[in-house]
Amino acid sequence: MFLERWFTAREIDYCSSKAVPSRHFAARFAAKEAVAKALPVAWDGPLPWRSIEIANDPRGVPSVSLSGAILDAATRAGVREIRVSLSHCDEYATAIALVAVTSDRAATETRIRDVGHDQ
């Protein structure tokens, strides 16, 4: 199914519980893409989209959790914090991500290869 290919179970549960789930799925997808583009990591092959999870804390503030190859590469690249902001309306969804890296890794780009994670 489409949703399981792109979103984690927690993301699917959250978005599906909303009055208009498509708005929330679109915003989370935009956030995943923003995170992927902001990370100082390059990869070959398809992105493991489920390895970038967008969740909300109890106050509704969005957060990012990485797993698998993306987490390993981000850790090697010195990523120490990822912040994300999401917005959506009836017709559009948008997101922005800010990635902080340790100063000794700021100019380093890590390359990972797709090895079949979360396809």
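Could you please give the count of residues in segment 15-51 that are farther than 18 Å from residue 94 by Cβ and either surrounded by 11 or more Cβ atoms within 10 Å (Cβ to Cβ) or among the aliphatic types (A, V, I, L, M) (or both)?
Of the residues in segment 15-51, the ones farther than 18 Å from residue 94 by Cβ are 16-17, 19, 39-48, 50-51.
Filter again for either surrounded by 11 or more Cβ atoms within 10 Å (Cβ to Cβ) or among the aliphatic types (A, V, I, L, M) (or both), leaving 16, 19, 39-43, 45-48, 50-51.
Qualifying residue count for the region: 13.
Is it the case, given these coordinates, that residue 16 is at pLDDT 95 or above, touching a Ser or Thr at 6+ places or on another chain (Cβ under 9 Å) and of a type in the set (S, T, N, Q)? Give the steps one after another, and end with the answer.
Numbers: at pLDDT 95 or above: yes; touching a Ser or Thr at 6+ places or on another chain (Cβ under 9 Å): no; of a type in the set (S, T, N, Q): yes.
Taking the combined requirement at face value, the residue does not satisfy it.
Quick check on residue 93: is it touching a Phe, Trp or Tyr at 6+ places or on another chain (Cβ under 8 Å), among the small types (Gly, Ala, Ser), crowded, with 17+ Cβ neighbours inside 10 Å and at pLDDT 95 or above?
Numbers: touching a Phe, Trp or Tyr at 6+ places or on another chain (Cβ under 8 Å): yes; among the small types (Gly, Ala, Ser): yes; crowded, with 17+ Cβ neighbours inside 10 Å: yes; at pLDDT 95 or above: yes.
When the stated conditions are applied, residue 93 passes them.
So, in segment 6-21, of the ones that are in a helix (DSSP H, G or I), touching a residue at least 24 places away in the same chain (Cβ under 8 Å) and not acidic (Asp, Glu), which residue ends up farthest from residue 67 (Cα to Cα)? Walk me through how you get there before you give the answer.
The initial filter retains those residues of segment 6-21 that are in a helix (DSSP H, G or I), namely 6, 9-16, 21.
Now narrow it down to the ones that are touching a residue at least 24 places away in the same chain (Cβ under 8 Å): 6, 10-11, 14.
Next, only the ones that are not acidic (Asp, Glu) stay: 6, 10, 14.
Numbers: 6: 14, 10: 14, 14: 19 Å.
By that ranking, first place goes to 14.
Which condition breaks for residue 74 when tested against (1) touching a helix residue (DSSP H, G or I) at 6+ places or on another chain (Cβ under 9 Å); (2) surrounded by 19 or more Cβ atoms within 10 Å (Cβ to Cβ)?
For residue 74, the exception is condition (1).
The values are calculated or read from the model by the stated rules, or taken from the named source; none is laboratory data. Just so you know, these numbers come straight off a predicted model, no measurement behind them. Heads up, the Cβs are rebuilt from the backbone with ideal geometry, glycines too, and the neighbour counts pull from every protein chain shown.
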